Each structure stands twice: as structure tokens, then as C-alpha cells.
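The values are calculated or read from the model by the stated rules, or taken from the named source; none is laboratory data. These numbers were taken from a predicted model, which means no experiment stands behind them. Methodologically, a virtual Cβ is constructed for each residue, glycine included, from the backbone with ideal geometry; neighbour enumeration extends over all protein chains shown.
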Amino acid sequence: MARETTARPQFRHVGRPVDRIDATGKVTGKTVYGDDLRLPRLLHVKLVHAPLAHARIRRIDASKALAVPGVEAVITAADLPPHHVNPDARAQVLLARDEVLFYGQPVAAVLARDPYTAAYARDLVEVEYEELPAVVDPLEAMREDAPLARTAAIREADRSEEQGHITVEAEQQQAQSRPSNVSSTITFRRGDVEAGFAEADAVVEGTWRSAMVHQSYIEPHVIVADYDASGELSIWSSTQAPFHVRHEVARTLGLPEARVRVTATEVGGGFGGKIYLYEALVAALAMAVRRPVKLAMSRREDMLAATPSPQAVVQLKAGMKADGTLVALQARVIYDAGAFPGAPVLPGCLLIGGSYKCPNLDIQGFEVLTNKVSVGALRAPGAPHVAFALESAMDMLAQRLELDPLEVRLKNAVEKGDPLPSGQPYPAIGLRECLEAIARTDIWRERHRTRQHPHRGVGLAVGGWLGGLQPASATVGLNADGTINVTVGAADITGTNTSFAQIAAEELNVPLEMVSVVTGDTRTAPYAGMTAGSKTTYTVGRAVKLAAEDARQQILAIASQRLEVPVEELEMEDGVVRARGRPDKQITFRELGRLTTGFGARYAPIVGRGAITARRQAPGFTAQVAEVEVDPDTGQVTVLRYAVAQDVGFAINPKSVGGQMQGGSAQGLGIALFEEMVYDEKGRLLNPNLLDYRLPTARDVPPIEAIIVEVPSEEGPYGARIVGEPSIVPGPAAVANAVADAVGARVFEAPITPERVLRALGKLQE
């Protein structure tokens, strides 16, 4: 792992590679996950999934299921407690009542004393359907004569999850009043795009398609809920967003937030797919039966009825002058939202016009409803789809003008002050620095030699993510024995608790072993936003730093009184506060702990508090390069070498940051070459399992060279910026450009399967 950084002060803890503090529990199997939770009188839930993509529900007969010993209840929409329902908010439609909108949509819930009985009885629930026409392809869905994906009119969608990932003001229009499958549109324009094309020396255009992709986390959704006699609702969920879950469950079920307690259990992978989905349903079931209830989804159930990344179609036209100046960009970005609104139209439209300076833009985005499972977030939602198109077009322009593709990108790369399509200016960013780092890699420097091998090529692409903003808070307290507790409310899914420990240890100048990080529930922990949008370290990390600074000042104030030394003459190191140059004047953290805790304590407990509301984003960019080999007879693409350079601002824990970069890049390669949820013309998912849904294996992913680029952000702790999302973005485009370099044929559809390569080579007909 390499590291390219600007000059910065030396730190004791932050900026140094540290093993994750939760690693031992995970590798030894001692970490407790949601499915490990057991409560007295617990009932297990199995959902009855609709076998049709679009249908009316005529009748539900649960008599046979109820006759099975061990079955305690079968709940339909009619049996649920009264609750708020927005028919366009997927998580508020707890069970389908009248109309099924996608294959796999839950229509009933079977509750039994064990999961096996629940699964058996589920198959005995008889549901009579009237099948309705289904629309599956987003372009077909946009036709005026297309069947409607739903019979009810579209209302304003709840886009709270999208806002958890990205925070940019933009006008988003709802669908026109007449019935349509287009649920929302967005438009960005700048300059005169037709005039731009007129002055261009080269113009390219095409249509790029990206498949629907599942997050493929190791642990499917697990939720437990208990509603006690006092009206207290407790929820344990493998969620990335406990406070968001609390808010949405309370709003849906009509409960005060103070009566809802959400505990984020250990999350076995999320990638944006575990924000909020079935928590209100499981809570409503617990309220209906007055017993604890657990929903533990199987892999098949999760793939049928979770929230994958959307299918997208990008129609792009770009124009460039002979000197490599990008002068015009026109894009029509279409996202398949599935059965409910919630596609990432806004970030997609911002990012397709947000990587390069371009005076003339015309960008239109469309959210289209179909009868497929509704979509959600997957690392940098919407970004890989548009990067696939944009970065392919940049290579096509460079080739047309006989220019170096890296130099073309350097010439047009956005910098601080350049506007997004929305007009919002960029803060400090490091896209140029990432490109310069990739230019120094062996893969790029040796590209001409690589091309001497038959059917080998090298491809380059860039991508970025803007990041989300949410308020955050944290506390840092001194214990009686002198150790330090950091308390946060953000779920740790990427090693953020380790970074928080490093921050607290840095500010208090103590060994890392003295610091413990606790993630509390929504009743005991300070508020934090979603662990999504790559903003957790950027926001919660800042709150931890402020809390540690506050605790430091409290420690120094008490030490000053006890030692009779002015604060400015004190220093602290390794849990000892001493007067400079006076070894006889010192006091330990342990002594201070005893003075501030327990019976007869002389001083108030030392609890530092930090709270922030981030007002500026810290976008992150990455440049990536791939070397591939293409078998012209089979169409098989093999990635031989891969490198990623990413601007992370400041790597608080380089080991974790490098792992995030490599992991995200591997996911990008999966999207590029393998992953695709396949639906038939009736809207039935054909591959709801990990045998038929192809994930990259260790044999498919080469060692990934990670180059950490550090261009400090303006507000992040020590200059840190977003990390987790950008690395997934360029993969499909980098591979597509490498394939084109290797065999002279371009693939416009991801994943880039052998069949699609052969079609591009003219060796296989549609």
C-alpha cells in the first residue's frame, strides 16, 4: 500500500495503521449478531411472498397454516395495528393489502414457535390472485402505451434514505398529473449545449446499460422486536441507521420516539442495503401478538425482497475540441426504481456532470417505476452507472482525437471552486492528484508494452462521491481507574470505532489500550446519523474529537486546582498530568478518576461532550486502472492487474482505509464483470441465490494496489474526508476501457459478460 500526502504534522495515533478493535471477536466467532438474540416466548416470522410481479389480491386463506401445531398467528394487512401508510413509501407498506407490485412482495406473515414450523406453514397459506400486466424494462415502461406498474397514483416519495447518502440542494419534480410510470424527473442545464457540439472537433454518443445488483452482504436482514405491557417498543436490528429506524418506526406506528428503543446489532455487511426496511413490520407484528418476534431472512428471501441497486440506462452524447477540451455534454439518465420511488436520480445527474469542467451541459434524469423489487442504496448509489457511460465516452473521445486518455482527464478534471451541475462549488478535492498517482503506477507506465501481448489492454477511469451530511454527537468520559470511554450512536460497519479510539487517544495523549468505544442504543447514546454516505468518520469523528478536547480541558482544570499550577503550564502524557519541568507536581488519570466518581467525590464526573452539524461536504474522488486479457474465442475477460488511487483527505487508520479502497474496488469489478439480477418478461427473479447470482471470487480479483492520496478536507477531523463509497465507482468503466484497448471492440452493457464481448466482436448474434 502506498501513501501520497501533503506535508502534515506528526501524530502519535491518528494516521498510523491499527488493527480493528473488534477484529478478535469476529475472527473467533464471539461477536454476537442479531440472529444470536434469544428472548423468552420468542416467535419466529416467515413472510409469504407473492409469486407474481403484478396482481390483485382476491382472497387469503390461512386456515391450513393455523392448524399446524406451533403456529401462533397468521397476520395479513387487515390484521395489523392501525398505522400510517404512504403507498409510495416501501417501508410503510408493511404487507400488500390489495395490490401486489413486485415478485416476492410480502402479503402475509406466519408466526410460529420455531423458524422451521413457520417456514412449513407459510407454504400452506392460500392466496388467490388476479394477475395484472407487468412492466419490467424501464425504457418500455416509459412508453405512453405501457401498462402501469401500479393502479394507484404516485404521491410524493420519501427520499430520506437518499438524503442520508448525499446532501445537495436540487429541484426534483414529481411525475406529471396524468398516469405514468415516470415518478420523478430532474434537469440540470448550463450554457448552450448545441453551440458546444457545433464547436467540437469530435462528438461521440451511445447508450449504456447497467444491471440491477444486490449488495450481497454476508448476513441477510435480521430484526427482533418486543412490545411490552407498558407500551415500550424495543427493536434489535442489523441496521446502519438506528436513529433513522427509531424515527420511521415511531412515525409509521404512531408512537412517541421516546417509547421506541432501537439497538443496532453487529452488522454483517450493509453497503447501504441495511438502513431501514422491515423494522416497522416486525414491530407491528410484536404489537399485534404481544410477544417478542424475530424475522431472520434467508438468502433467497433477502434477494427477492430487499432493496438492491437499480438497473439504469444512460444515453450520453459528448463533444471535445482537438486540444482535449470538453465543450458539451448531454445526458439522459434513466433509473429503474422498481415498484416504489427511491432511485438515486439526483446523485446520478450531479455526478455525470460533476467530474469534468464543461461549459455546456444538458442533463435529464428520470425515475421510472416497474414491477420489480424496489431499489435502495449500494455504495455510491447511482454513481457507477453514470461513470460507466461518462468514462467510456471520455476514452472514445481521446481515441477519436488521438490524445492520451489520462492527459485528457487531467486537462478537464474539476478542482476547488468548479461548479457542480447544480451550481454548488466544489470545496478542496484531489481528483488531479489521484490521476497523477495513477500515472506513476507500473500498470499505466507499462501500458505500451502490455499492448504487445495479444488481446491485452489497459483501461483508466475516474469516479467520485459527494457525501452526505447529518448532525452528530459523542461523549468522552474518564473512568474511576483512569481509562477512557468513548460513547457514540453510530453503527460500526467499517472499523469507524477504531478510528474514534485513535482520535480520543490522540487528543488525550494516552495509549490506545486505555480507550474503549461503546456504541449505545437510541435511548442511551448521543445522536448520530446513518452510517451511510461515507460520512461517519467525517461527522461523528469530528464530534469525538470535540468531546475529547472538552474532556481534556476538564482534566486540566481539576489537575490545575490539585497541583496549584496554571493550566497553561500543564502537560499530559500516558495518563499522567504534570507541570512542565517539575516532576514533583503530577497527578494520574486514575487519581483524577477517583476524585470525580464514587461516594464523596470532590469534583463532578469528567464527561466531555462534542456535537456538530456539518455544513460542507468533503467529496472524495478516485482514479483506477485495470490491465485485462480477453479470450477472443470465448469472450472471457480476466483482470490481471488493478490499481486504485483515492483522495481520502487524511487516513486516520491507513490499514482500514486501504482495506475500504480494495474492498470497494473488488465490488466494482463484480459489477463490471459478473453481478446481475435477472428478471424474465413476467417480472420473476430467476437467480435469487448465490449459486446463480455470480459474485467475484478470489480467483477473479487480482491483488489490488491501493494508493492513499491525502488532500486535506476543510472540515474533517485532521483533514479526513469520505472513504467508503468512491472506490466502487470506476470499476465497470475501467474494465470496459481496458477491453476496448485489448480487442478494439466496446461493450456498452454491464456486466461485461463473455456473451456481450462476443457480440461486440461480431462473433455472436442477438
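Some observations on this one:
- Restricting attention to the stretch 746-766 and to residues that are surrounded by fewer than 18 Cβ atoms within 10 Å (Cβ to Cβ) and of a type in the set (A, V, I, L, M), the residue that is nearest to Val644 (Cα to Cα) turns out to be Leu761.
- Meets criteria (out of contact with any Pro (no Cβ under 6 Å at 6 or more places or on another chain), assigned to a strand (DSSP E or B) and crowded, with 22+ Cβ neighbours inside 10 Å) for Ala706: yes
- Residue in the stretch 95-106 that is charged (D, E, K, R), at pLDDT 95 or above and surrounded by 15 or more Cβ atoms within 10 Å (Cβ to Cβ) present: yes
- From the list His84, His13, His54, the lone residue that is assigned by TED's automatic domain parsing to the domain that holds Pro115, touching a helix residue (DSSP H, G or I) at 6+ places or on another chain (Cβ under 9 Å) and in contact (Cβ under 8 Å) with a residue 60 or more places away in the chain is His84.
- Residue within the stretch 435-458 that is in contact with a His (Cβ under 7 Å, 6 or more places away or on another chain), of a type outside the set (Ser, Thr, Tyr) and at pLDDT below 95 present: no
- Condition met for Thr487 (surrounded by fewer than 24 Cβ atoms within 10 Å (Cβ to Cβ), in a strand (DSSP E or B) and at negative phi): yes
- In the stretch 1-111, counting only strands (runs of 3 or more DSSP E) that sit wholly within it, the ones holding 3 or more residues that are touching a Phe, Trp or Tyr at 6+ places or on another chain (Cβ under 7 Å) span 55-61.
- Of the residues Arg684, Arg602, Arg616, the single one that is surrounded by fewer than 24 Cβ atoms within 10 Å (Cβ to Cβ) and in contact with a Phe, Trp or Tyr (Cβ under 8 Å, 6 or more places away or on another chain) is Arg684.
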